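Worksheet: the structure to be examined is printed underneath.
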Amino acid sequence: MHEVLRGIGVSPGAVAGPVVRLAPPPPEPPTDGAVADPGAEAARAGAALAGVAEFLRARGAAAGGAAEEVLEAQAMMAEDPELRERVADLVAGGRTAARAVHEGLTSYAAALREVGGYLGERVADLEDIRCRAIALLTGARMPGIPLLRRPSVLVARDLAPADTALLDREQVLGVVTELGGPTSHTAILAKQLGIPAVVACPDAAALDDGAHVAVDGSGGEITVDPPDSVLAGIAARTAARAERPEPPGPGRTADGTPVALLVNVGTVADARAAAEAPSEGVGLFRTEVLYLGRTSAPSVGEQVEAYRAVFEAFAGRKVVIRTLDAGADKPLPFIDHAQEANPALGVRGLRVARRRPELLTDQLAAIAEAASSCAAEVWVMAPMVSTPGEAAEFAGKARAFGLPTVGAMVEVPAAALRAAQLLERCDFVSIGTNDLAQYAFAADRTTSALADLLDVWQPALLDLVATVADGGRRTGRPVGICGEAAGDPLLAPVLVGLGLTSLSMAPACLPAVRHALSVHTLDECRDMAKAAREADDAASARENVRRLASPELLAVL
Ligand code: PEP
Ligand code: MG
């Protein structure tokens with residue numbers, strides 16, 4: 001019997017390859033190690049810190065772009081003379097190199113934490129350096145994302161969004177994590193990179209380095225030592241998907257109702273790759289992804305350059321750019337996020353402008369300048385809008401910069417209930433089902449134990465989507481969706497049946513969604529939407545819709 005582990009498939013595609021585990025932090029070095037030659041021991045400690053700096057630079061060079069800058073800043077920290085002196089003093093006091101690194105960097109981190117603010121945010125970087133240097137000194141495996149030498153399946157307890165954004169899509173065949181939820185930003189970034197991924201798979205803890213596994217990123221299964229039949233199945237599914245008929249032209253239902261199919265992007269590289277796909281543009285440009293891990297706020301000029309590159313990639317098409325959505329599980333180091341008991345309910349998204357209004361106005365200035373010199377049709381929207389008043393205030397600010405089409409994301413139930421009033425104050429809304437589910441069900445989107453509540457098929461979530469669509473009908477304004485729900489091919493006809501006018505998703509999801517719409521008429525979509533909302537729970541909503549779905553769609557799901 002081949003062991004099959006189960007989790008939640010969050011990024012489609014099936015792959016097979018050897019496991020590379022993210023090593024855990026090395027154990028704390030003992031206090032009682034003997035030191036024969038303190039001078040040589042201090043030199044070993046210095047060499048380990050230099051080795052960490054070299055490793056970080058190599059990783060940065062391999063990743064390029066913003067990641068290189070982030071890792072260079074961290075490498076410089078490992079080379080900080082004050083830090084080395086602190087470690088050398090501890091060695092002189094009788095500690096081993098590993099113990100001195102542990103104590104020296106731990107106390108340095110505590111001092112930074114005490115200072116707080118910008119320096120406080122460097123603590124995680126320092127802890128990373130400490131673990132890596134101790135690993136070098138003790139021969140333990142280097143923790144964190146390893147430099148991969150061959151295409152592998154990365155297995156981790158969890159992955160931070162900043163680490164996920166650095167994954168090398170050539171070498172990382174797939175990702176499996178023990179924790180994480182279906183709409184955690186880690187899952188989203190993996191999907192964005194087109195890397196098949198399974199999260200919330202606690203049994204992955206038992207997977208050893210080098211084990212051979214097959215990963216099904218749609219079904220959420222990991223087969224250990226996959227038999228030939230599973231490998232053949234992977235090859236057949238990959239081929240069937242490649243051959244799935246893809247209707248040409250813009251997205252539409254079988255009877256010709258237009259539904260704009262758009263892509264979600266987070267970086268310039270994403271945008272350039274996504275521009276190749278036949279979409280009608282970008283429905284969500286997550287600008288904060290450009291700056292994850294950045295220690296200083298990007299200048300207006302720097303932002304203009306990045307936004308212009310994305311707009312140019314989509315010249316002649318629409319680009320919906322979202323202002324920074326920082327906070328909660330996407331903290332930006334250059335924003336002094338206050339200590340909050342519930343960061344997801346705190347000052348995140350548009351709310352950051354209450355404390356740092358210049359971040360928003362600088363960004364709007366940069367967007368306006370980039371848009372003025374490009375042929376893309378630029379729309380701008382704000383994340384985490386809760387009230388019509390907030391929508392009006394944001395629209396006023398954006399219009400003052402000459403941005404003509406301004407919208408609000410609907411991610412908070414209060415905004416969904418008042419969608420018509422939001423739409424009276426701005427030009428469009430886009431539903432972020434990832435957060436809308438989190439807030440409607442009071443279930444943290446990063447908590448794997450609550451994944452069932454975050455299921456996009458939850459009828460209550462569909463009711464909220466229907467309310468927003470109704471607001472769109474009443475005001476005659478467009479209502480799109482850009483949460484992960486839009487990329488589910490079985491749900492896409494339901495969303496169209498509810499009244500949404502555009503669906504925006506990771507580019508990897510486009511062909512399946514385009515096909516799903518092309519095999520159902522608008523009336524069929526409406527029947528599917530009704531059947532989903534009549535269900536009592538997510539599983540029966542899915543089952544009700546499966547019963548109505550066309551055989552052509554079921555054949556390729
Ligand atoms: C959402 O919440 O659905 C959304 C699209 O925004 P993000 O996933 O970036 O929070
Ligand atoms: Mg969101």
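The values are calculated or read from the model by the stated rules, or taken from the named source; none is laboratory data. On a predicted model such as this, the values are computed, not experimentally measured, just so you know. Heads up, the Cβs are rebuilt from the backbone with ideal geometry, glycines too, and the neighbour counts pull from every protein chain shown. Note: accessible area is taken over every heavy atom of the protein model, side chains too, but ligands, DNA and RNA are not part of it. Shrake-Rupley method; radii C 1.70, N 1.55, O 1.52, S 1.80 Å.
Can you tell me how segment 379-516 classifies by the Cα gyration tensor, rounded, prolate or oblate, using a/c under 1.5 as the rounded cut? Mind dumping the intermediate values first?
Details: a/c = 1.75, a/b = 1.40, b/c = 1.25.
Verdict is prolate for segment 379-516.
Any idea how far the Cα center of segment 330-371 sits from the one of segment 1-68, in Å?
Centre-to-centre distance over Cα atoms comes out at 32 Å.
How much accessible surface area, in Å² rounded to 10, belongs to the heavy atoms of Met528 with a 1.4 Å probe?
Near enough 0 Å² of accessible area.
For the full complex of protein chains and a 1.4 angstrom probe, list Glu3, Glu340, Glu543, Glu390 by accessible area with the highest value first.
Order by accessible area, largest first: Glu3, Glu543, Glu340, Glu390.
Classify segment 85-190: rounded, prolate or oblate, from the alpha-carbon gyration tensor (a ≥ b ≥ c, eigenvalue square roots; a/c under 1.5 rounded; otherwise prolate if a/b is larger than b/c)? Mind dumping the intermediate values first?
Working: a/c = 3.22, a/b = 1.69, b/c = 1.91.
It is oblate, given that a/c is not under 1.5 and a/b is not larger than b/c.
Please determine, in degrees from 0 to 90 and to the nearest 10, the orientation of helix 81-92 with respect to the longest principal axis defined by the Cα atoms of the chain, where the helix direction is its Cα long axis.
With rounding to tens, the tilt is 50 degrees.
Based solely on its DSSP helices, what 222 nm [θ] is calculated for the chain when runs of n ≥ 4 H residues each add -39,500 (n - 2.57) and the sum is averaged over all residues, nearest 500 deg cm²/dmol? Walk me through the numbers before you get to the answer.
Numbers: 23 runs with 257 residues, N = 557.
-14000 deg cm²/dmol, from helical runs alone.
Using alpha carbons only, how many degrees (0 to 90, rounded to 10) separate the axis of helix 123-138 from the longest principal axis of the chain?
So the inclination is approximately 50 degrees.
Cα axis of helix 388-400 to longest principal axis of the chain: angle in degrees, 0 to 90, nearest 10?
Between the helix axis and the principal axis of the chain, the angle is about 80 degrees.
Which lysines, on any chain, are close to Lys330 with Cα under 20 Å apart, when same-chain ones fewer than 8 places away are left out?
The reachable lysines, counting only those whose Cα sits under 20 Å from Lys330, are Lys191.
Give the distance, in whole Å, between the Cα centre of segment 249-276 and the Cα centre of segment 498-529.
Result: 12 Å between the Cα centres.
Ordered by packing density, taken as the mean number of other Cβ atoms within 10 Å over each peptide's residues, highest first, how do 428-441, 368-381 rank?
428-441, 368-381
From the Cα trace of the chain, what convex hull volume per residue do you get, rounded to a whole Å³?
Hull volume normalised by residue count: 147 Å³.
Over segment 260-554, what is the relative contact order in percent, taking alpha-carbon pairs closer than 8 angstrom and at least six residues apart? Walk me through the numbers on the way to the answer.
Details: 595 pairs, mean separation 45.5, N = 295.
Taking the mean separation of contacting Cα pairs over the length of segment 260-554, I get 15 percent.
Run through the DSSP bridge list for the chain and note the antiparallel percent, rounded to the nearest 5.
Close to 30 percent.
Accessible area, 1.4 Å probe, largest first: how do Thr467, Thr138, Thr405 sort?
From most exposed to least exposed: Thr138, Thr467, Thr405.
In Å and from the alpha-carbon atoms only, list the Rg and Dmax of segment 19-139.
Rg, Dmax (Cα atoms, Å): 14.4, 45.
Based on the Cα atoms of segment 260-554, what semi-axes does the equivalent ellipsoid have, where each is the square root of 5 times one gyration tensor eigenvalue, given in whole Å with the largest first?
Values: eigenvalues 182, 92, 63 Å².
Semi-axis lengths for segment 260-554 are 30, 22, 18 Å.
Where only protein heavy atoms count, and the probe is 1.4 Å, what is the accessible area per residue for the chain in Å²?
Values: 22040 Å² over 557 residues.
Per residue, the chain has 40 Å² of solvent-accessible surface.
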